[in-house]
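**Student:** For reference, the structure I am asking about is given below.
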Amino acid sequence: MINQNIEKIKEAFFSQLSHNLMTHASNIIGFSELMKNEELRQEDKLQYIQFVIELSNMILTLAEDVKSLNKLSPESFALNESKANLNSFMDEIYNAAQNSNEIADGVRFTLRKTLRDQDATFLIDKNKIFKMLNTLLRNSFESTVSGGIEFGYHLLHDAEKLEFFVFDTGRGMTEEQQQKLFDMESVSKQRNRGLGLIVMKMTLDELGEQLRIESKPGEGTRIYFTLPFRRQQAAAGAKTASAAPDWHGKKVLVVDDNKMNYLLICKMLFSTGAEFVWASNAAECLAQLDAGRFDCVLMDVEMPGMNGFEASKIIKQTFPKLPVIIVTAHLGENVAQRCRECGIDDYIIQPVHTKVLYEQLGKFLD
């Protein structure tokens, strides 16, 4: 049954993909052409820029859906638990969302945690929790222009389950609209809705867990879902996952053609005291390394001109003791193989989380 549902989702999605891509790309080209008019009013130009940004985000959503569908299999619905401090993990999700620039100005964004840090160490499926909360939060960011958004968790003691929630004061939904959230045909017609909710509902059904929605037009939306956990006790005197390491005096070169990615890493690691320098391409990276001393390099893969693997190979030939960490959205054994071939020390899979940066950089900076 699960295989049939997966194939049904893929068939419906890919039947609409070409049309959606062509529509969004055509609109981007159209508004870009309009902006070339030298007599265009400033307010019109700003509006067209906003349209282009929204359309580009829609294409990114489609790309994320393609990536998710390619990884979708019966095995992907199974629980993959690991030991984690839930409070620290929720802090990571909060920080990533806060830094995403998706929250409207003036909207309050809060996280509610109900357990003390010392009582919040469990065996949980971090990947599923992150994906589900990220899906719900992005929907709330899109629909909420004033008021607030709150997310968090509480313990259902009688059932030994965690119930997560996302509340917002957005536009709200009718009962009919709520039903269409999980309908493939309806989702494909909505401008910026991805497959996240459909896959989420499918996963929860397969695990025997609950999804609950409370919403009315104009009154906002409350969504709850449950996931199982197993208890683990944190080691006495253990350092909390959210504690920032001390990297004062360390210098890290961040190589990425997208400056926003660099700024995000700087903000996530600000409390470490390390110094971060930006290079927008491989040529700038090599020039920076020739000009000064660095303790580590964080290297993007997809860049114009020389890509990250090629640049890293040159770095390791010239500075063999300098640690290089690849940062990429690509999964699979091929990444690890390419890293070995180029002499790269380690890699991080995007989206990047503060705890992962602490762990991976800590191997070379501590």
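The values are calculated or read from the model by the stated rules, or taken from the named source; none is laboratory data. All figures in this text were calculated on a predicted structure; none of them were measured in a lab. Counting neighbours? That spans all protein chains shown, and the Cβs are built from the backbone with ideal geometry, glycine included. Ligands, DNA and RNA are excluded from the accessible area calculation, which covers all protein heavy atoms including side chains. Shrake-Rupley method; radii C 1.70, N 1.55, O 1.52, S 1.80 Å.
**Student:** Inside segment 102-113, can you point out the residues that are assigned to a loop (DSSP other than H, G, I, E, B) and either surrounded by 17 or more Cβ atoms within 10 Å (Cβ to Cβ) or without any contact (Cβ under 8 Å) to a residue 24 or more places away in the chain (or both)?
**Tutor:** Hits for segment 102-113 are Ile103, Asp105, Val107.
**Student:** Which one is nearest to the chain's Cα centre (by Cα), of the residues in segment 285-320 that are charged (D, E, K, R), farther than 30 Å from Ala243 by Cα and surrounded by fewer than 16 Cβ atoms within 10 Å (Cβ to Cβ)?
**Tutor:** Glu302
**Student:** Within segment 204-230, count every residue that is more than 15 Å from Val166 (Cβ to Cβ) and outside any loop (DSSP other than H, G, I, E, B).
**Tutor:** Total satisfying the criteria: 5.
**Student:** List the residue pairs whose Cβ atoms are under 8 Å apart, where the first residue sits in segment 158-180 and is closer than 26 Å to Thr110 by Cα, the second is modelled with pLDDT under 85 and of a type outside the set (S, T, N, Q), and the two are 6 or more positions apart or on different chains.
**Tutor:** Leu162/Leu156; Glu163/Leu156; Met173/Leu181
This table checks each residue for (1) within 15 Å of Leu197 (Cβ to Cβ); (2) open to solvent by 20 Å² or more (accessible area, probe 1.4 Å).
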{"position": "Leu136", "(1), (2)": "yes, no"}
{"position": "Asn139", "(1), (2)": "yes, yes"}
{"position": "Thr144", "(1), (2)": "no, no"}
{"position": "Gly148", "(1), (2)": "no, no"}
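**Student:** Now for a separate question. Considering only segment 312-334, state which residues are assigned to a helix (DSSP H, G or I) and at pLDDT below 85.
**Tutor:** Residues satisfying the conditions are Glu333, Asn334.
**Student:** Tally time: how many residues in segment 267-284 are under 12 Å from Val255 (Cβ atoms) and open to solvent by less than 40 Å² (accessible area, probe 1.4 Å)?
**Tutor:** Taking segment 267-284 first, the residues under 12 Å from Val255 (Cβ atoms) are 276-284.
If we keep only those that are open to solvent by less than 40 Å² (accessible area, probe 1.4 Å) as well, we get 276-277, 279-280, 282.
Summing the residues that are under 12 Å from Val255 (Cβ atoms) and open to solvent by less than 40 Å² (accessible area, probe 1.4 Å) in segment 267-284 gives 5.
**Student:** Looking at (1) within 19 Å of Gln360 (Cα to Cα); (2) open to solvent by 30 Å² or more (accessible area, probe 1.4 Å); (3) in contact (Cβ under 8 Å) with a residue 12 or more places away in the chain; (4) part of a helix (DSSP H, G or I), which is the only condition Gln337 fails?
**Tutor:** It fails just one condition, (3).
**Student:** Scanning for something under 17 Å from Leu365 (Cα atoms), more than 22 Å from the chain's Cα centre (by Cα) and surrounded by 14 or more Cβ atoms within 10 Å (Cβ to Cβ), does segment 253-263 turn up at least one residue?
**Tutor:** Just the residues of segment 253-263 that are under 17 Å from Leu365 (Cα atoms), to begin with: 253-254.
Then drop every residue that is not more than 22 Å from the chain's Cα centre (by Cα), which leaves 253.
In the following step, the residues that additionally are surrounded by 14 or more Cβ atoms within 10 Å (Cβ to Cβ) were identified as 253.
Yes - at least one qualifying residue is present in segment 253-263.
**Student:** Pick from segment 81-110 the residues that are more than 19 Å from the chain's Cα centre (by Cα) and of a type in the set (D, E, K, R): which of them is nearest to Val145 (Cα to Cα)?
**Tutor:** Asp105
**Student:** Take segment 173-200 and flag every residue that is open to solvent by 60 Å² or more (accessible area, probe 1.4 Å) and either part of a helix (DSSP H, G or I) or modelled with pLDDT of 85 or more (or both).
**Tutor:** Result: Glu175, Glu176, Gln177, Gln179, Lys180, Glu185, Lys189.
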